[in-house]
Amino acid sequence: MRENNLNFDRSKIFKLFQAKKYAKISKISKSILKAFSNDKEINKIIILSELNEKNFNNAKIVSEKLLELINDAETNYIHGNVLKIQKKFKEAIIFYQKAIDFKKDYFEAYNNLATSQKNIGLKHEALENYKHAINLKENNLEAHYNLANLLYDEKRFEEARENYEKVIKIDNNFPQSYLSIGLINSVQGKFEEAKNYFLKAIEKDKFLTEAYVYYVSTRKIDKNDYIIKILEELINNNDLHPKHEQDISYALSKVYFYIDNIDLGFKFLTKAKKLYLKKINFSIEEEKISFQKVKNYFSTKKFKVIDFKDTYKVYPIFIIGMPRSGTSLLEQIISTHSEVFGAGELRIMPRIFYDTNWNEKTSPEELFSFVRREYLSNLGKIDTSKKFIVDKMPFNFFAVGFILNSIPEAKIVHMSRNPMAVCWSNYKSNFFDNIGMDYSHKLESVAEYYTIYNEMMNFWRDKYPSKLIEIDYDKFVLDYETNSKSVIAEIGLSWENEILKFYENNRVVETNSLLQVRSKVYQDSSQKWKKYEKYLTPVMEILNKKNIKF
């Protein structure tokens, strides 16, 4: 199409757009706009083409000019979308609200307004606006799905399930809803039901590769499982997206480890890890700096005991340690007690430290009072009538000093385990895209991170002797009845015989060890790493250099 013909043939622009020739439209966009500067539909085509080509600034310039030309519901909505795609959520909210002012029943604007609010933490407002979008249009698939995801994030699983099911009623070929219902069943311990939903998701979209990962992670695979053939066929597809290749490789590694083909298992596990490492920027040195900052603060200051006057209705029980050290098992046991609520891995404490500009000059009284107020007020928002809440965030091991000085009524239980068992389990687990787990995708960084953890715990023991309830996982499982009674007593609770049936506790559990946490205690699991010893030399060398026994 010659540019000098643009003035005479508007239909060709529409045909280019319908044929998804976005790059071509973007290339001649100035000429198009010169000919059709006042044409709303042509402006919309330019904006959408620029967005598809990721020319966000160009899209923003055109949408701003369109808004000056025509200030109505749709142009405000379009400009809001341009801002939302660029993650300028606060600005996007303004224009979605303007669009709604023009058009009160604009359900698409309510949906996108809610999504923008969700992304800046306005979850209550987002919830109400998703519901408003649905009230305006009952079969609003996108709003039902977005609402379901928000409810899932808030751990309101049954409400989330209802909305995922509504999505399926609207479109029974929507694979992500089947996957999400499968995940809800998994965290509720309904593994057979989860399996069926994962298979349904795969049936609807064989490239929804997360479904394969969850399928093989929530059941034991035998050599006759037909999922193996599907995965082996998929991995030979030369056109796989890197994310799909990563997921399929990881799923195959799980499969081969299950059927004792260790060489193939390691081959595909390493492949999955390398694919993931290509898209992240992780440095173990940054982790060392973070932990050193904490140690410096507590090494150079003397702290007075603060007489806190405020009281709260709930008391935290912190379970700390490296991920995959048995913390989920311990939480399951403790939370079986009638007075204890297991809240899982809460991000309250990490957020306090990563979002707060504290340094060595910060007053201890000021810092500890702030930590206490922030942590306990957020803990109190958890919907439970129980007196004690378990926070099983393993990484709180860096915050021991802050907890002891800010929340003296809290209990801290430290779970340790054979270092090689921990390192191997971290490396082989599905920790892709998990916050704080980037170290787990390379054997050397796993070992380095373990040494940081080990040094940090030795520091706290020297600084605060006898302040931690110490549990050795490998000793604990040898006589879990006696040891469970001991830890319950140390926490300050009375014994209840139901605790011995912790594996029947039907509470929701979100962890990488979904199967194990629903099982009875078994011994010798910390020796399984030896089957893979020839591949774990980098880990052993680093641990040996630090004189860490395994």
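The values are calculated or read from the model by the stated rules, or taken from the named source; none is laboratory data. The structure presented is a predicted model; accordingly, all values stated were derived computationally and were not measured. Backbone-built Cβ (ideal geometry, glycine too); neighbour counts: all protein chains shown. Note: accessible area is taken over every heavy atom of the protein model, side chains too, but ligands, DNA and RNA are not part of it. Shrake-Rupley method; radii C 1.70, N 1.55, O 1.52, S 1.80 Å.
Details
- Subset of region 255-278 [of a type in the set (A, V, I, L, M), open to solvent by 20 Å² or more (accessible area, probe 1.4 Å) and in contact (Cβ under 8 Å) with a residue 24 or more places away in the chain]: Ile259, Ile262, Leu275, Leu277
- Close Cβ contacts (under 6 Å, 6 or more residues apart or on different chains) running from residues in region 121-137 that are open to solvent by 30 Å² or more (accessible area, probe 1.4 Å) to residues that are of a type in the set (S, T, N, Q) comprise Glu125/Gln117.
- Subset of region 331-349 (residues that are charged (D, E, K, R), under 15 Å from Val413 (Cβ atoms) and assigned to a loop (DSSP other than H, G, I, E, B)): Glu345
- Meets criteria (among the aliphatic types (A, V, I, L, M), crowded, with 21+ Cβ neighbours inside 10 Å, over 29 Å from Phe291 (Cα atoms) and out of contact with any Leu (no Cβ under 7 Å at 6 or more places or on another chain)) for Val340: yes
- Exclusive hit being over 30 Å from Gly121 (Cβ atoms) and open to solvent by 40 Å² or more (accessible area, probe 1.4 Å), set Lys98, Lys103, Lys88, Lys20: Lys20
- Checked against (1) polar (S, T, N, Q); (2) open to solvent by less than 50 Å² (accessible area, probe 1.4 Å); (3) over 22 Å from Lys98 (Cα atoms), Ser63 meets all criteria but (3).
- Applying the condition of being of a type in the set (Asp, Glu) and closer than 18 Å to Ser325 by Cα to region 459-487 and asking which residue is farthest from the chain's Cα centre (by Cα) yields Asp479.
- Here Ile46 meets each of (1) under 29 Å from Asn119 (Cβ atoms); (2) assigned to a helix (DSSP H, G or I); (3) touching a residue at least 24 places away in the same chain (Cβ under 8 Å); (4) of a type outside the set (Gly, Ala, Ser) with one exception, condition (3).
- Residue within region 304-313 that is in contact with a Phe, Trp or Tyr (Cβ under 7 Å, 6 or more places away or on another chain) and either assigned to a loop (DSSP other than H, G, I, E, B) or farther than 20 Å from Tyr449 by Cα (or both) present: yes
- Pair list, Cβ < 6 Å and 6+ apart or interchain, from region 79-98 residues that are closer than 13 Å to Glu64 by Cβ to residues that are of a type in the set (S, T, N, Q) and crowded, with 19+ Cβ neighbours inside 10 Å: His79/Ser63; Val82/Ser63; Phe95/Asn76
- Qualifying positions in region 58-98 - in contact with a Ser or Thr (Cβ under 6 Å, 6 or more places away or on another chain) and not aliphatic (A, V, I, L, M): His79, Lys84, Phe89
- Meets criteria (of a type outside the set (Lys, Arg), open to solvent by less than 40 Å² (accessible area, probe 1.4 Å) and either at pLDDT below 95 or over 30 Å from the mean Cα position of the chain (by Cα) (or both)) for Ser519: no
- Where helices (runs of 4 or more DSSP H) fall wholly inside region 387-476, the ranges with 2 or more residues that are over 25 Å from Val371 (Cα atoms) are 419-428, 443-463, 473-476.
- Every residue from region 106-120 that is crowded, with 24+ Cβ neighbours inside 10 Å and not hydrophobic (A, V, I, L, M, F, W, C): Tyr110, Asn111, Asn112, Ser116, Gln117
- Elements of type helices (runs of 4 or more DSSP H) contained in region 125-239, each with 3 or more residues being on the phi > 0 side of the Ramachandran plot: none
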